[in-house]
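Enquirer: Once you've had a glance at the structure underneath, I'll fire off some questions.
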Amino acid sequence: MITKNISDSKTNLLSLPQAARITGYSRVEMFRKVKRGEIPARRIGRNYFVQRANLGPIYAPISQSASQTVDRAVAKTLKDFGETIKLLGKE
């Protein structure tokens with residue numbers, strides 16, 4: 001079937017069920033948002049696909065340098081506050 005290869009990281013296209021899982025919406029609500037024009041989508045055969053970037057900036061892929069910046073910040077936070085975070089996690 002043609003739609004099996006549509007949804008992948010290279011194209012950044014997601015099926016509506018995938019987009020629903022990522023955003024926390026139900027599949028039905030995601031379909032309604034597409035039908036109302038709130039989220040642009042492509043129809044391929046009987047299925048709709050959305051670009052990850054169209055779900056909002058928080059769901060867009062980040063660059064390699066931004067990912068490295070986040071990793072460094074997390075490592076520093078864990079180094080500086082690791083014991084405090086562990087204690088808070090036990091509460």
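What follows is calculated from the coordinates using simple rules that are stated; it is not laboratory data. These numbers were taken from a predicted model, which means no experiment stands behind them. Positions of Cβ are generated from backbone atoms using ideal geometry, with glycine treated the same way; all protein chains shown enter the neighbour counts.
Enquirer: Using 7 Å Cα-to-Cβ label points, what is the L87/N12 separation (nm, one decimal)?
Expert: Distance between label points: 4.3 nm.
Enquirer: Per residue, how big is the convex hull of segment 48-89 when only Cα atoms are used? Give it in Å³. Present the calculation step by step, with values, prior to reporting the outcome.
Expert: On the way: hull volume 4.1 nm³, N = 42.
Dividing the Cα hull volume of segment 48-89 by its residues yields 97 Å³.
Enquirer: Then there is this: Spelling out what I want: for every residue of segment 12-22, take phi, set θ = phi - 60°, compute 6.51 cos²θ - 1.76 cosθ + 1.60 (Karplus), and round to whole Hz; glycine and proline get x.
Expert: 6, 8, 10, 5, 4, x, 5, 4, 5, 4, 5
Enquirer: Taking only DSSP H segments of four or more residues, each worth -39500 (n - 2.57), what value at 222 nm results for the chain once the sum is divided by all its residues, to the nearest 500 deg cm²/dmol?
Expert: Numbers: 3 runs with 44 residues, N = 91.
Mean residue ellipticity, 222 nm, calculated: -16000 deg cm²/dmol.
Enquirer: Between V70, I85, S26, whose Cα lies farthest towards the positive end of the dipole of the chain when Lys and Arg beta carbons carry +1 and Asp and Glu beta carbons carry -1, centred on the Cα centre?
Expert: S26
Enquirer: If you average 1/r over every pair of different alpha-carbon atoms in the chain and take one over that average, what Kirkwood value in Å do you get? Intermediate values should be presented prior to the final figure.
Expert: Numbers: mean 1/r = 0.0640 Å⁻¹.
Kirkwood hydrodynamic radius for the chain: 15.6 Å.
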